[in-house]
Amino acid sequence: MNRLLVLQSDFGLSDGAVAAMQGVALSVDPDLKIYDLTHDIPPFDIYEASYRLLQAVPFWPEGSVFVSVVDPGVGSARKSCVARTSKGQYIVTPDNGSLSHLDKVIGIAEIREISEAVGRRQGSRYSNTFHGRDIFAYTGAQLAAGLLRYEDIGPAYDVSEMVRIDIPEASFEDGMITGTIETLDVRFGSLWTNITAQQFEQLNLSYGDLIDLSIWNGERKVHRSFMTWARTFNDVEPGESLVYVNSMNHIAVAINQGSFAGAYHIGTRGGWKITMKPASDRNR
């Protein structure tokens, strides 16, 4: 292993939970290189945890170990597991759906249930509500340090048995693409959709063309506008809206130097739907 350990959680940084996980890992091996993916996952949001793993994991070297703890079922019968991706990274996490995006896009090659005989921190048997510290960080650190072989973590089970969350697909019909607002570019308020760049090509647009875009919350249309299909933010003036391909190779909606989600009070997932089609003179 390469001693790279990356942590993700919904714990935030307002108390000592993350530091406790880091301390456990460094107690296993003080030479570990520990990094944070994010600790700002909204509480209990397994879908967001799954998405953010996909945003980061594929770009890390083979052998990197990720510990992802968004665990509303902590202490229940849900499995604690370590998954190996098709690219050779390892994800230590509850088996509750947080591996779904990685499995869909790059593939989970193997998954093993953590045996507490080897994967539970000594002295933690009375604690059942902080598996992030006592099981996941401890197991991840042993694996990253090379002190625990993947084959010895616990019994393998079929990847088909892994818990998955529903990841909706965009659709194309009658010249219009319909998708969902999957998440936000959190800091900047851009809308990241589930529409892939390849699917968007079906609209046969050129950069600079106008798109007729509508956003729905359930059955209620909450926004409609005509905006530019742009290669980059600088293709429109500050304060203007644009549609572009984001870093995940999906279609996104933004305001140049502004927050689209904040300006129009747009949410994600649930009933939030977005449609796009080429604009025409009669539509404007």
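Data overview
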{"item": "Solvent-accessible heavy-atom area per residue, rounded to whole Å², over the chain at 1.4 Å", "result": "47"}
{"item": "Residue-wise HN-Hα coupling along the stretch 150-161, computed from phi with Karplus coefficients 6.51, -1.76, 1.60 (Hz; x: Gly, Pro)", "result": "4, 5, 9, 5, x, x, 6, 9, 5, 4, 5, 8"}
{"item": "Where GluC sites (Glu not before Pro) fall in DSSP loop in the stretch 185-284, at most 16 other Cβ within 10 Å", "result": "Glu219, Glu240"}
{"item": "Whole-Å semi-axes of the chain's equivalent ellipsoid (Cα gyration tensor)", "result": "40, 18, 17"}
{"item": "Sequence-distant residues sharing a close amide H with Val222 (under 5 Å, placed H)", "result": "Ile215, Trp216, Asn217"}
{"item": "The stretch 138-284 - percent relative contact order, Cα under 8 Å, separation 6 or more", "result": "27"}
{"item": "Under 28 Å from Lys104, Cα to Cα: lysines that are on another chain or at least 8 residues apart", "result": "Lys79, Lys87, Lys273, Lys277"}
{"item": "Sulfur and carbon atoms: percent of accessible area, the stretch 70-201 [1.4 Å]", "result": "48"}
{"item": "Euclidean distance of C-alpha centroids, the stretch 100-165 and the stretch 205-228, integer Å", "result": "43"}
{"item": "Sparsely packed chymotrypsin sites (Phe, Trp or Tyr not before Pro) within the stretch 1-94, loop by DSSP, other Cβ within 10 Å at most 16", "result": "Phe44"}
{"item": "Backbone N under 16 Å from the Ser115 label point (7 Å along Cα→Cβ), restricted to the stretch 76-96", "result": "80-82"}
{"item": "Degrees between helix 17-28 axis and first principal axis of the chain (Cα, 0 to 90, nearest 10)", "result": "50"}
{"item": "Volume of the Cα convex hull of the stretch 139-284, divided per residue and given in Å³", "result": "171"}
{"item": "Span per principal axis, largest first, for the Cα atoms of the stretch 26-175 (Å)", "result": "62, 32, 31"}
{"item": "Charge tally in the Cβ shell below 13 Å around Ile46, where Lys, Arg are +1 and Asp, Glu are -1, Ile46 excluded", "result": "-2"}
{"item": "Helix-only mean residue ellipticity at 222 nm for the chain, each DSSP H run of n ≥ 4 adding -39500 (n - 2.57), per residue, nearest 500", "result": "-4500 deg cm²/dmol"}
{"item": "Low-density loop cleavage sites - chymotrypsin sites (Phe, Trp or Tyr not before Pro) in the stretch 192-239, where at most 13 other Cβ are within 10 Å (DSSP)", "result": "Tyr207"}
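The values are calculated or read from the model by the stated rules, or taken from the named source; none is laboratory data. From a predicted model like this one, the values you see are computed outputs, not experimental measurements. We place every Cβ from the backbone using ideal geometry, glycine too, and count neighbours over all the protein chains shown. Accessible surface areas use protein heavy atoms only, side chains included; no ligands, DNA or RNA. Shrake-Rupley method; radii C 1.70, N 1.55, O 1.52, S 1.80 Å.
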